[in-house]
Amino acid sequence: MSILGKVGWAEVDRNVQVQQTNREKHSPVISGFRWWARRPHAVVGALLEAAVAELGEEGFMVADPFSGGGTIAFEAARRGLAVYAQDLYPWPTFALASVLRPADPEEFAEASRELLVSLEAHRDLYKRGEDNERWEATHVLRVRIALCPGCGGDVHLFPEPLVSVASRGTRETDGLFGCAACGTATRASLSAEHFACAGC
């Protein structure tokens, strides 16, 4: 029987449904950073457990060369397995390293309080619903500038000009381009030979 045949798929399906319904509580990495096309943690965890049960933990190494959202690396680390993960894009590698780094609970709580206080000034930027309640931001897709852990200076996280297409439409002709020099995001034609930054 293959490793896939040893997975209890009915239980995995139930766990995935719980995670999809309450992603923040049951998928801890989701709370740490957002990433598109993230695989369900329950599926990855079940596959890892089945592989370890079949092959044994001694010498077991999980490699994820295009880690993206980091689900595989996170679930492997959570189970105490040796893991190697990398990605070409700096945002997920920085975020995954941050998620896996141990944190002092008191320091984390204080940083959370400081973040919430700093966000108070921006609450009025969100639209109000019909019941006049303010809407909350659920996530941020892009971080444009981060502090370099080495020198403390600004690092622009657009290593390549094309950040994404402007929409998911099949006939979309524009894209959002990021400038590595100043960090400005500019909407421009995907067919343009040269990218001209609107900020520089």
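The values are calculated or read from the model by the stated rules, or taken from the named source; none is laboratory data. Note that the coordinates shown come from a computational prediction; the quantities given were computed from them, not determined experimentally. Every residue, glycine among them, receives a Cβ derived from its backbone with ideal geometry; neighbour counts consider all protein chains shown. Heads up: the accessible areas ignore ligands, DNA and RNA and are worked out on the full protein's heavy atoms, side chains in. Shrake-Rupley method; radii C 1.70, N 1.55, O 1.52, S 1.80 Å.
Of all residue pairs spaced 6 or more apart or on separate chains, those with beta-carbon atoms under 9 Å, a first member in segment 24-38 that is among the polar types (S, T, N, Q) and a second member that is part of a loop (DSSP other than H, G, I, E, B) are Ser27/Arg38; Ser27/Pro40. Answer yes or no as to whether Ala51 is in contact with a Phe, Trp or Tyr (Cβ under 8 Å, 6 or more places away or on another chain), under 26 Å from Lys6 (Cβ atoms), of a type in the set (A, V, I, L, M) and open to solvent by 20 Å² or more (accessible area, probe 1.4 Å). It is false that Ala51 is in contact with a Phe, Trp or Tyr (Cβ under 8 Å, 6 or more places away or on another chain), under 26 Å from Lys6 (Cβ atoms), of a type in the set (A, V, I, L, M) and open to solvent by 20 Å² or more (accessible area, probe 1.4 Å). Identify all residues within segment 37-74 that are under 18 Å from the mean Cα position of the chain (by Cα), within 22 Å of Arg101 (Cα to Cα), assigned to a loop (DSSP other than H, G, I, E, B) and not charged (D, E, K, R); write none if there are none. Hits for segment 37-74 are Pro40, Pro65, Phe66, Ser67, Gly68, Gly69, Gly70.
Right, Arg78: surrounded by 10 or more Cβ atoms within 10 Å (Cβ to Cβ), of a type in the set (D, E, K, R), more than 23 Å from Ala180 (Cα to Cα) and modelled with pLDDT of 85 or more or not?
Values: surrounded by 10 or more Cβ atoms within 10 Å (Cβ to Cβ): yes; of a type in the set (D, E, K, R): yes; more than 23 Å from Ala180 (Cα to Cα): yes; modelled with pLDDT of 85 or more: yes.
Yes: the conditions hold for Arg78.
Among the residues of segment 95-122, those that are within 27 Å of Thr71 (Cα to Cα), assigned to a loop (DSSP other than H, G, I, E, B) and either in contact with a helix residue (DSSP H, G or I) (Cβ under 7 Å, 6 or more places away or on another chain) or open to solvent by less than 100 Å² (accessible area, probe 1.4 Å) (or both) comprise Ala103, Asp104. Starting from residues that are polar (S, T, N, Q) and surrounded by 12 or more Cβ atoms within 10 Å (Cβ to Cβ), keep the ones in segment 1-30 and report whichever is modelled with the lowest pLDDT. Per the criteria, the residue is Ser27.
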